[in-house]
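One structure below.
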Amino acid sequence: MSGALECKHARVAIGGEPQVLSAEVAQHVATCAACAKFHDETLAMEGRLKAALELPLHRFRKLPEPARVAPRRFALAASVLLAMLVGGGAWLFRPQPALAGEVVEHVKHEPGSWQVHEPVSPEALAAVLAKAGVRYDTRFPVTYASPCPFRGHIVPHLVVQTDHGPLTVMVLAHVTAEGAGEFSEGEYHGVVLPAGAGSIAVVAREGQEFDGYVETLREGVR
Amino acid sequence: MNPSPRGNTATSAFARLLETLRPDLVRFAFWLARDRAVAEDVVQETLIRAWKSREEIKDPAATRPWLLTIVRREHARLYERKRLPTVDLADAEAQGDPALLASDSSDGEAGLDDLRRAILQLPDEYREPLVLQVLGGMTTAEIGEQLGLTQSAVLTRLFRARNRLRVIYGLAPTEDVE
């Protein structure tokens, strides 16, 4: 013990907040070798303590998927996601649903994209593609073009007009697809397939023909 | 997709902020729940609530403690609603958490996993203020406010938490206080 402060009380203060000592505790530490040693030891622990608490979250992904939340909560999360996507925000909630589901969710939340029939100007389309860092050519009229946040990247969300109606095309330069994967989700169906260094998603209304356009749409990816 | 520019800017900024803070929220939730699946659920609920209440936040600097508060509430709410059993550490490891706690060279330092196990074994009342302080960057006064404790009680709990962890560093625990 040294001074008016008892060692055990000084150590509570040190152990409680080792990096911020009151004047009284600091004075005690300055004159008590044992408490000074305790302070040094405690400070030395802090770096590793912080490192231990900062869990390596990538390890979470090594684990099998746990049972997930109830559908109602997914629906609620999706509605919030919509708000965030509309606001230009990022995809926050993980684990994410399957890619096809994410694409459909995205399309569902921009229903107006299929209501536009006037082609966007080449300049506007070029601006969207440039913002996404993507090169894409198509012979179909593009009636909707928006740079949308998707999986943490900006992707071009396009709608092209075909003889069978509008098709949504999302050029996912940052998403690798092993092979073509068709999907059907509620009122939508489509396909995700490799294109260029990434992939492309084509979405149509349920029952709408799209197969005949897929290859041409894919070839547009540069 | 043409929201008003001002609203869009604020909304995007808030979304980016949430994305930045999300990893620490998951970590905090994990240390509370000691279960990664529960932690993910808690954070998902937290982000939903935060998003709905984003107008309440005027000062971006206040977002982090505000979110930590929501995580705590959601964690408590989840346990209350689902009546989840408290997590037994052995069970948690059997369910897959060893992968989280297994040796990983990316940690750069051997022994962190032992420390993590020791932290998991701390009583909730010691672990939570420790995480709020070290991970959340809160002062003892702020922790006291969060947990409804006096600053003195917070200091004591933090001291006891660190005192129990000393053995992991090969150090003898020091005398406790009444």
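Since every read-out is calculated from the coordinates, none of them should be taken as a lab result. Note that the coordinates shown come from a computational prediction; the quantities given were computed from them, not determined experimentally. Virtual Cβ from ideal backbone geometry, glycine too; neighbours counted across all protein chains shown.
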* **Computed E for A:GLU187/B:LYS52 - FRET, C-beta separation, R0 25 angstrom, nearest 0.05** => 0.40
* Structure fact -> Between the modelled labels at A:ALA180 and B:THR150 (7 Å from Cα along Cα→Cβ) the distance in nm is 7.4
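Under the definition of Cα pairs under 8 Å and six or more residues apart, what whole-number percent is the relative contact order of the stretch A:7-53?
Normalised by residue count, the contact order of the stretch A:7-53 is 38 percent.
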* Structure fact -> Going fewest to most other Cβ atoms within 10 Å around each Cβ, A:GLU41, A:GLU102 line up as A:GLU41, A:GLU102
* To do: Averaging over all projection directions, find the projected area of the Cα convex hull of the stretch B:103-172 and quote it in nm² with one decimal place.
  => 5.0
* Given B:LEU132, B:LEU165, B:LEU115, which one lies farthest toward the positive end of the charge dipole of the stretch B:103-172, if we put +1 on the Cβ of every Lys and Arg and -1 on the Cβ of every Asp and Glu? -> B:LEU165
* To do: Please state, to two decimals, what the Cα-based radius of gyration of the stretch A:127-222 comes to when divided by 2.2 N^0.38 Å (N = residues).
  => 0.98
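Using the number of other C-beta atoms within 10 angstrom as an exposure proxy, rank B:TRP31, B:TRP66 with the fewest first.
B:TRP66, B:TRP31
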* To do: May I ask you to list the aspartates and glutamates whose Cα is less than 19 Å away from that of A:LYS8, ignoring any residue fewer than eight positions away on the same chain?
  => A:GLU17, A:GLU24, A:ASP40, A:GLU41, B:GLU175, B:ASP176, B:GLU178
* **Ranking of A:VAL20, A:VAL29, B:VAL42 by count of other Cβ atoms within 10 Å, fewest first** => A:VAL20, A:VAL29, B:VAL42
* Kirkwood-Stokes translational diffusion coefficient of the stretch A:7-53, alpha-carbon pairs, 10 °C, 1.306 mPa s, µm²/s -> 149
